[in-house]
Structure formats: structure tokens, C-alpha cells
Amino acid sequence: MNNVSRVEQAAQHPIPSESTTVLQIIQQVALNPNADIDKMERLMVMHQNIQALQAKQQYDEALAAMQEELPVIGERGGIKDRNGRVQSTYALWEDINEMIKPVLARHGFALSFRTPRNERGIEVEGVLSHRAGHRETTSLVLPADTSGSKNGVQAVASSVSYGKRYTAGALLNFTTTGEDDDGNGAVVTPRVTSVQATQLAMLLERCSDKAKTAFANIHGSPSAVEKVAFDQVLGMLSKSVKQHEAAAQEPQNADHH
């Protein structure tokens, strides 16, 4: 069995070191003045396919490892209605970029974007590349964001930023603190964080039964409190706790007299 035949059979079950083996055989065959050009071309295609397979395997392994380190990103952006009320929230691209870049670098990834010319609208293409050589892409076509008082340039920039957020999210599957539909569908009211809800629940436990009932009638549960009302509710519960504890101390003080 000649070298070409052996390599063609082995390529059906590639192993990590096979790319180097194929390359060595290509070099040996190339030194033969009677080398078959067709077989040389098949060997080159085989070599490229093995390299691509190995790069994809390294990409998948690195992506799986990176998923555990991707942070949960808070939402600071807000879409408001005509009355200035927040309809939905979203993570700002600058926050996302700042938090994911160190994680990407540690695992050998780079995230880049392209804006191809597209007659249907503003296209944003996200490209996630790995140092092994493999890359994945996804794209999104958007209209210009003319909401608010944006001029033409600002409208395009806003759509590009939106496209970066969503193509990056599709490629990396990171999590933000809440999902938004950017004003499409039901109105989304930002709620308190889990830490804030726990803080309110601890205070509520120390309140009187009457105060607990009043709280339930207004808010339902600590986790259902609107984010904008947190400071106010916190202050009211703190005051209620002081009053309740002071009232509980009064009979004891009377007994001492």
C-alpha cells in the first residue's frame, strides 16, 4: 500500500496528530518528480479538512468552558413611553462589551462586527473567532432607530448598537438581569433585584400583622415591588418595624413601673 492510499484510509478516522502526518506525506510526495497531481490535490483537501475539524473541536471545547465564566449583565438602558414611564429595560452595549472582553480573551476568543451594505435596512453581522482558526457568524437586519429626537446619524448608530447586543447574545448566550421585548407586546415594569427583595422580606417579617396585610394588598410580595419604589418602600418598612418594636416594649416598661 502506497503513502497516498494509507492517508486516504486514515483520514476517515482523523486523530489530533493526523494533520501533521498528512502534511509530512504531502511533502514527501511533492519531492517525487513523478507525483500524481490529482492525488496531491486530494491530499491537500484532506489536510485542510482535518485542520478545520480540529479547529472546530477546539472552538466548541473553549466555548463550553467559557460559558461558565460569562457574567450576568445588569440592564441600565430603558425604553420609555410618551409619558416618560419605562416600558422595558435592556443591557447597554458598552456594559456588555466591558464585562465580556476579559472572559473572551482568557479563552482565546475575539468578537468583531461588520455592517455590510443591505438594501433592506441596517445589517449588523457578529463574528466570534477562536485562536484555533474556527469562527461562527450571525447577522441581524434592522430599520433605522428614529425614536425620540435622533438625527439620521444617531438613528443608524442606535440600530448598530442594538445589532451588536443581539448578535453577541446569539453567539455567546450570556444572561442579562431580565428580558425585554423593546416595547413590543406587554409592558415590562422593572422589579427590585433578588438582594433588594430579600432585604424587604427581612424587614417585613419584623412588622406587625396589620402592616404585613397592608403590604400584601399594595405590592403582593417583596419581589413584586417596582424598582423605582424600592427606596420609598424600604423607608416605610423600616419605620413600621421601629413602631412595632417600640409598641412591643411599652408593656414591659409599664411592668417595671
- Considering each residue of segment 199-215, count those that are surrounded by 13 or more Cβ atoms within 10 Å (Cβ to Cβ) and under 36 Å from the mean Cα position of the chain (by Cα), and give that number. 6
- Message: Within segment 216-250, take every residue that is among the charged types (D, E, K, R) and in a helix (DSSP H, G or I) and give me the one that is farthest from the chain's Cα centre (by Cα).
- Response: 250
- How many residues, within segment 112-132, are within 21 Å of residue 52 (Cβ to Cβ) and either in a loop (DSSP other than H, G, I, E, B) or among the hydrophobic types (A, V, I, L, M, F, W, C) (or both)? 4
- Restricting attention to segment 200-217, the residues that are modelled with pLDDT of 85 or more and among the polar types (S, T, N, Q) number exactly 2
- Query: Do you know which residues across segment 50-63 are aliphatic (A, V, I, L, M) and under 10 Å from residue 107 (Cα atoms)?
  - Reply: 62, 63
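For every residue, the table says whether it meets (1) at pLDDT 70 or above; (2) out of contact with any Gly (no Cβ under 7 Å at 6 or more places or on another chain); (3) assigned to a helix (DSSP H, G or I).
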{"residue": "12", "(1), (2), (3)": "no, yes, no"}
{"residue": "21", "(1), (2), (3)": "yes, yes, yes"}
{"residue": "33", "(1), (2), (3)": "yes, yes, no"}
{"residue": "42", "(1), (2), (3)": "yes, yes, yes"}
{"residue": "48", "(1), (2), (3)": "yes, yes, yes"}
{"residue": "54", "(1), (2), (3)": "yes, yes, yes"}
{"residue": "62", "(1), (2), (3)": "yes, no, yes"}
{"residue": "65", "(1), (2), (3)": "yes, yes, yes"}
{"residue": "78", "(1), (2), (3)": "no, yes, no"}
- Note on the structure: Inside segment 126-157, the number of residues satisfying the requirement of being under 16 Å from residue 92 (Cβ atoms) and either at pLDDT 85 or above or within 14 Å of the chain's Cα centre (by Cα) (or both) is 2
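The values are calculated or read from the model by the stated rules, or taken from the named source; none is laboratory data. The structure presented is a predicted model; accordingly, all values stated were derived computationally and were not measured. Note that we place each Cβ from the backbone using ideal geometry, even for glycine, and neighbour counts take in every protein chain shown.
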